[in-house]
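Structure first, then comments.
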Amino acid sequence: MSSIALESLETGAGTTVEFADVHRVFGSTHALDGLDLKVRPGELLALLGPSGCGKTTALRLLAGFDQPDAGSVLVDGEDVSRLPANKRDMGMVFQSYSLFPTMSAVDNVAFGLRLRGRGAGDRRKRAAELLDLVGLSEHLKKFPHQMSGGQQQRVALARALAISPRVLLLDEPLSALDAKVRAQLRDEIRRIQLELGVTTVFVTHDQEEALSMADRVGVMRDGRLEQCAAPSELYQRPETPFVAEFVGTMNRLPGSMVPGGVRLFTQVVAVDGVVPPAGSDVRALLRPEAVLVEPADGQPGHAMVTTATFFGAVTRLRMTQPDGQEILADVGSHRAADFPAGAQVLISVLDRPVLVRPESESTAATVPGRA
């Protein structure tokens, strides 16, 4: 472990952050509408949601770039809602890198230390250590225009960490990078965050980033927190239909409520959450991996395979029922040959509780895409 990590651990790195009934209004828009959220010491918490949900507003309030209209932003129990940004000791990494173009990598990283009065030798040593931590020890003297986008973002990360921030704030830091570099830097950020133990808030609209990097993910909608949980819990046990449909890929299968649950095909499956009255027409929300598929083998099929998309160990089948309803199912790729386009198939579902929505609230058959 690096000397920086040891220093971080020795000083008890890990700060608590809390949003307590925070409101922020812009005209008629409630960007934050009573946000209650606590970030634990040393964890990486991702705020995930569609554009306009309030996640960036929350980050700006924590950074000190804006102030709440009501409620409190607390850092280690201290209300910092009215404290200037330069008094909060927050490290910020932006989407656009925001490096000084006329400074070398080492000087960019050392800039914050210079503002804090650290001596030239001390700040250059610290900057060099941090550039080594992010894998840029051979690029100390390069200028931003001489580095790739991924390298520039690593410099920006090192600069944010140089001041030993109480909290590290990441505002869509990977969205400007290509897919391969984004995946590499995602892993690097997580490695460094774990090594240093710094409390981190990460804002993203990318589900894969949030689920792969975070200790917990807070899903936001219309300025409110829908659910905050570990990635596996969020994916497997969503608390609301919005979370279920926003995180990952989801089928919305038509069903009817009967005593004991919802009837789907020939099964009756228990319902999780609010249970509509018997006789109600509903849409059951199921992941593709919860849909089971078998060849019809001459029997009347429930659906016909229209496409099969290879994803390595898993192949995703897109099927169409006689009424036009589309269904997605994931099968092991070793079985993909059993389900060519045009094949008739029988469908069942895993016997575990599902979320349902009234038929009147459903506007589409399937949420397309891949988790």
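What do you reckon, is residue 279 exposed (fewer than 15 other Cβ atoms within 10 Å of the Cβ) and either assigned by TED's automatic domain parsing to the domain that holds residue 263 or under 32 Å from the mean Cα position of the chain (by Cα) (or both)? Yes, satisfied. Considering each residue of the range 37-57 in turn, at least one proves to be surrounded by 15 or more Cβ atoms within 10 Å (Cβ to Cβ) and farther than 27 Å from residue 222 by Cα.
Here 267, 299 are screened, and the one residue that is more than 20 Å from the chain's Cα centre (by Cα) and under 16 Å from residue 329 (Cβ atoms) is 267. Only one of 92, 103 is more than 20 Å from residue 193 (Cα to Cα) and surrounded by 14 or more Cβ atoms within 10 Å (Cβ to Cβ). Can you tell me which? 103 is the lone residue from the list that is more than 20 Å from residue 193 (Cα to Cα) and surrounded by 14 or more Cβ atoms within 10 Å (Cβ to Cβ). Each residue in the range 176-212 was checked for being outside any helix (DSSP H, G or I) and among the β-branched types (Val, Ile, Thr), and 6 pass.
Listed here are the residues, each with its yes/no results for (1) free of Cβ contacts under 8 Å to residues at least 12 places away in the same chain; (2) over 21 Å from residue 287 (Cβ atoms); (3) surrounded by fewer than 19 Cβ atoms within 10 Å (Cβ to Cβ).
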residue: 173; (1), (2), (3): no, yes, no
residue: 191; (1), (2), (3): yes, yes, yes
residue: 217; (1), (2), (3): no, no, no
residue: 225; (1), (2), (3): no, yes, no
residue: 228; (1), (2), (3): no, no, no
residue: 238; (1), (2), (3): no, no, no
residue: 251; (1), (2), (3): no, no, no
residue: 258; (1), (2), (3): no, yes, yes
residue: 265; (1), (2), (3): no, no, yes
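Within the range 100-116, residues that are touching a residue at least 40 places away in the same chain (Cβ under 8 Å) reach partners that are loosely packed, with under 15 Cβ neighbours inside 10 Å with beta carbons closer than 6 Å, at six or more positions or on different chains, in the pairs 108/100.
Considering the range 72-85, and only residues there that are more than 15 Å from residue 59 (Cα to Cα) and in contact (Cβ under 8 Å) with a residue 12 or more places away in the chain, the residue that is surrounded by the fewest Cβ atoms within 10 Å (Cβ to Cβ) turns out to be 77.
The values are calculated or read from the model by the stated rules, or taken from the named source; none is laboratory data. Just so we're clear, the structure is a prediction, and the values are computed from it rather than from any experiment. Cβ coordinates were reconstructed from backbone atoms using ideal geometry, including for glycine residues, and neighbour counts include every protein chain displayed.
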